[in-house]
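Below is one structure, written out as structure tokens; the observations come after it.
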């Protein structure tokens, strides 16, 4: 079977195009796909490298903060000062008194509780009762919890007290009766014999 010259040329051209398409599909497409995958891998690796280099900076800052906190802990900067628990409790008592007065409250009573030893520290506690309005209570708690040396509030009991007229705005303000413990820690080794 012989084809006419124009048809044979067309058939030859078609076979040539099919062969080029087959070579493209067999060789070029897999190579191109591999190249794109490698490009994506490189981009992901660069993104991870950038992220981890940022983490190194964060880690360095955290390590510096940790070292600073460790130095503070060893120096005892956040612990109560005093020759013994009684002196530390008297200082704590004075702090509570001035903090309540700063909030225009009335300190009704302050009682020094016995110190408790734990893990090489002594917990020094002062039990107090005061009359304050709600804003004064909020500010007092913030003042205690934000103080240095570190102080903590425990066993808080809030009860409504008497109502008084606020002279500035004419509104009625409720005084609250608050009972609470404030405590801090004293290094047990700081206690000196009498």
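With contacts defined as alpha carbon pairs under 8 Å and 6 or more residues apart, what's the relative contact order of the range 85-190 in percent?
In percent, rounded to a whole number, it is 30.
Under 10 Å, Cα contacts only: if you run a Gaussian network model on the chain, which one of 39, 106, 125 comes out with the highest mean-square fluctuation?
It is 39.
If one puts a single equal scatterer on every Cα of the chain and applies the Debye formula without solvent, what log₁₀ I(q)/I(0) results at q = 0.16, 0.18 Å⁻¹?
Treating every Cα as an identical point scatterer, log10 I(q)/I(0) equals -1.04, -1.15.
Working from the pairwise distances between different alpha carbons, so that the mean of 1/r is found and then inverted, what is the range 85-190's Kirkwood radius in Å?
It works out to 14.5 Å.
How would you rank 91, 14, going from fewest to most other Cβ atoms within 10 Å of each one's own Cβ?
The fewest-first ordering by Cβ neighbours comes to 14, 91.
Could you state the angle between the C-alpha long axis of helix 134-145 and the longest principal axis of the C-alpha atoms of the chain, as a value from 0 to 90 degrees rounded to the nearest 10?
Result, in degrees: 80.
What length, rounded to one decimal in nm, is gained on full extension from residue 32 through to residue 97, with 0.36 nm per residue of separation minus their alpha-carbon distance?
Additional length available on full extension: 15.5 nm.
Nearest 10 degrees is fine. How inclined is helix 29-75 to the longest principal axis of the chain, computing both from alpha carbons?
Between helix and principal axis, roughly 10 degrees.
Identify which of 111, 40, 162 has the largest mean-square fluctuation in a Gaussian network model of the chain, with springs joining Cα atoms closer than 10 Å.
Top of the fluctuation ranking is 40.
Tell me, what is the percent relative contact order of the chain, built from C-alpha pairs under 8 Å that lie six or more residues apart?
That works out to 20 percent.
So how far apart, in nm, are the two label points at residue 21 and residue 53 if each is 7 Å from Cα heading toward Cβ?
The answer from the label model is 4.8 nm.
With r defined as the distance between the Cβ atoms of residue 113 and residue 81 and R0 fixed at 25 Å, what FRET efficiency is calculated, to the nearest 0.05?
0.85
Taking a quarter of the surface of the Cα convex hull of the range 1-75, what do you get in nm²?
Over all viewing directions, the range 1-75 projects a mean Cα-hull area of 7.1 nm².
Highest GNM mean-square fluctuation, the chain, Cα pairs closer than 10 Å: which of 15, 46, 79?
Between 15, 46, 79, it is 15 that shows the largest mean-square fluctuation.
For every helix of n ≥ 4 consecutive DSSP H residues, a contribution of -39,500 (n - 2.57) applies; sum these over the chain, divide by its total residues, and give [θ] at 222 nm rounded to the nearest 500 deg cm²/dmol.
That calculation yields -17500 deg cm²/dmol at 222 nm.
Each value in this text was obtained by applying a stated rule to the coordinates, not by laboratory testing. Small disclaimer: the values here were computed from a predicted structure and weren't measured. FYI the Cβ positions are ideal-geometry reconstructions off the backbone, even for glycines, and counts take in every protein chain you see.
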